[in-house]
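These notes are about the structure you will find just below.
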Amino acid sequence: MHTRISTRAAALLAGALLSAGAAAKDALLRPWPAGRPTPPLQLTTLDGQPWDLAALRGKVVVVNFWAAWCGPCVEELPVLGALAGRDGVAVVGVNYKEPLDSIERFAAAHPLAYPVLRDRTGDAFKRWSPGVMPATIVVDRGGRARWRTVGEIPPDDTRLRGAIDALLAEPQTHQEHNQN
């Protein structure tokens, strides 16, 4: 009898975990919080050059917060690399508080198809992220944060790509068009 209850409990637990995993995957892409302004993003590249999100107006920008110690961050690199190759899309990685030599070693071992910025203090992560890594925010061509993901972007994800496609399909304003 005790074995039967344990088996039943295990089956219920397994079902609950599978459902939770499916729900988490479904909830991966969320709208940027209503009423929350898009924070500025002005950091430096690995070679010390200033970088400003505002300079990319006219493109859909995918901002990815990551760290070398974050396993899911490493797993999603191919997805981000594929997005970086799309017309009208710019991807930027923002490293969270790691020393330059650690970031450079990581970049040498995992060649990245997009620029990497340094968030030395973690302030940008605090302003932009829900506090979980990896975190990815999609900014429209007008410079407004529109979507965010929490956690790893799976290789078979279609929702993020669909959101980017929808932003690319939106009509550009005259100002956005002139900056492109």
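In table form, for the structure just shown:
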{"item": "Residue within the stretch 64-87 that is of a type in the set (G, A, S), assigned to a loop (DSSP other than H, G, I, E, B) and surrounded by 19 or more Cβ atoms within 10 Å (Cβ to Cβ) present", "result": "yes"}
{"item": "Number of positions in the stretch 41-51 that are part of a strand (DSSP E or B) and either closer than 16 Å to G93 by Cβ or in contact with a helix residue (DSSP H, G or I) (Cβ under 6 Å, 6 or more places away or on another chain) (or both)", "result": "5"}
{"item": "Qualifying positions in the stretch 88-118 - part of a loop (DSSP other than H, G, I, E, B) and in contact (Cβ under 8 Å) with a residue 24 or more places away in the chain", "result": "G88, K97, E98, H110, L112, A113, Y114, P115"}
{"item": "Matching option when the condition is buried (at least 17 other Cβ atoms within 10 Å of the Cβ) and of a type outside the set (S, T, N, Q), among A113, A124", "result": "A124"}
{"item": "Given (1) surrounded by 13 or more Cβ atoms within 10 Å (Cβ to Cβ); (2) at pLDDT below 95, number of the condition D165 does not satisfy", "result": "(2)"}
{"item": "Test: residue in the stretch 135-149 that is farther than 22 Å from A54 by Cβ and surrounded by fewer than 19 Cβ atoms within 10 Å (Cβ to Cβ)", "result": "no"}
{"item": "Criterion (of a type in the set (S, T, Y), in the same structural domain as E170 (by TED's automatic domain parsing) and assigned to a strand (DSSP E or B)) met by exactly one of T38, T121, T136", "result": "T136"}
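The values are calculated or read from the model by the stated rules, or taken from the named source; none is laboratory data. Fair warning: this is a prediction, and the values are worked out from it, not measured in the lab. Positions of Cβ are generated from backbone atoms using ideal geometry, with glycine treated the same way; all protein chains shown enter the neighbour counts.
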